[in-house]
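Working notes, beginning with the structure itself.
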Amino acid sequence: MKSVATDVLISEVGPRDGLQSIKSIMPTDLKNKWIDALFLSGIREIEVASFVPTKLLPQMADASLVVKHATTHPGLTVMALVPNLRGAQAAIEAGVHKITIPVSASAAHSMANVRKTREEMIEEVKKISQYRNAHAPNVKIEAGISTAFGCTLQGLVPEDDVIWLAEQVILAGADESGLSDTTGYANPAQIKRLFKRLRAAIGNKAGAAHLHNTRGLGLANCLAAFEAGVTSFDSSLGGLGGCPYAPGASGNVVTEDLVFMFEAMGITTGVNLDLLFKARNPLQDGVPQETLYGMVPEAGLPKGFAAATPWSHQ
């Protein structure tokens, strides 16, 4: 496929966020086939793995192998999540183009998720940035603010805490900082307000919206984020995933439905919906006992639907 300029970037996080949240362990060859199918559909950024101890997340034991395969696709940004310096070193050695670091705005979630305080995570971002600068200056770092809109463990998360933390991780050396609705608590008014504050605080270093559909507001919240100036969105094919350390936090935004919403509005994503639907096949083959979600794949495209993204094969 020829590259096309897009209005928004769809960042697929299913191979990491989706697979680490379920009990099934997807075979490496099927993970690779799934990534191949996502790339063929026009997805140009994929979070393919997390570099964490295998005993904690056996689903990610093949992280280095998956990264190695994904980097064979020209023009694909290959991302991995890392919770600490050791994970970052392994990810960089494997060949990732971008690292994402989860930094929780909720003090309670920070301890449950990474066993560090928020202040300790800021120091971890600093260490990772220093290592990156010395060994792999081309690798990008995003420190995403988890539980930015509320927490199942703590409850309310003060907005001032969220903005302070985003400012601190940028000062610590991260290239960008986005906001994550880890627990699916957010509503569109809150999304718009907080992303506007984020942009006012850190300018063009404001990163992606990582939103969940736990309470049915995923797409509405994505639209609110777009109206607040966000142009990068995390989502998961089939809506797979959530957070294993935030009770009840299921349901990533469904990539297929998100792409359809934008394309139907005339907002280009660079993604071909028919090929995106086909990418569900290797995913279902790899985790046959898991339920895949998505309204548009079930209903089909409307009669006479014209996508915003021009599509052509080389």
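What follows is calculated from the coordinates using simple rules that are stated; it is not laboratory data. Keep in mind that this is a model prediction, so the values were computed, not measured. FYI the Cβ positions are ideal-geometry reconstructions off the backbone, even for glycines, and counts take in every protein chain you see.
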Task: the chain: most fluctuating residue of ASN252, ASN221, ASN187 per GNM, C-alpha cutoff 10 Å - done: ASN187
Task: ALA306-LEU85 FRET efficiency (beta carbon distance; Förster radius 30 Å; 0.05 resolution) - done: 0.05
Open item on the list: Under the 0.36 nm per residue contour assumption, what length would be gained going from the current alpha-carbon distance of LYS127 and ALA220 to full extension?
Closed with: 29.8 nm
Task: Phi-based couplings in Hz for region 134-146 (Karplus 6.51, -1.76, 1.60; Gly and Pro marked x) - done: 7, 10, 8, x, 7, 6, 8, 10, 10, 9, x, 8, 6
TODO: Compare LEU30, LEU194, LEU165 in a GNM of the chain, Cα atoms joined below 10 Å, and give the one with the largest fluctuation.
DONE: LEU30
- [ ] Enumerate the amide H contacts of LYS140 below 5 Å, restricted to partners 5 or more residues apart or on another chain; note that Pro and chain-start residues carry no placed amide H.
- [x] LYS98, ILE99
TODO: Return the sequence-ordered ³J(HN,Hα) values of region 11-21 in whole Hz as given by the Karplus equation 6.51 cos²θ - 1.76 cosθ + 1.60 applied to θ = phi - 60°, using x for Gly and Pro.
DONE: 9, 7, 10, x, x, 9, 5, x, 6, 7, 9
- [ ] Using only the alpha carbon atoms of the chain, find the Kirkwood hydrodynamic radius as the inverse mean reciprocal pair distance, in angstroms to one decimal.
- [x] 19.1
TODO: Can you put ARG215, ARG16 in order of Cβ neighbours within 10 angstrom, beginning with the fewest?
DONE: ARG215, ARG16
Task: Footprinting exposure proxy for ASP160, ASP175, ASP17 (fewest neighbouring C-beta atoms within 10 Å first) - done: ASP160, ASP175, ASP17
Task: Distance (nanometres) between label positions extended 7 Å along Cα→Cβ at ASP285 and ALA299 - done: 3.0
- [ ] Could you tell me the number of lysine pairs in region 1-92 with C-alpha atoms less than 19 Å from each other, where the two lysines are 8 or more residues apart or belong to different chains?
- [x] 4
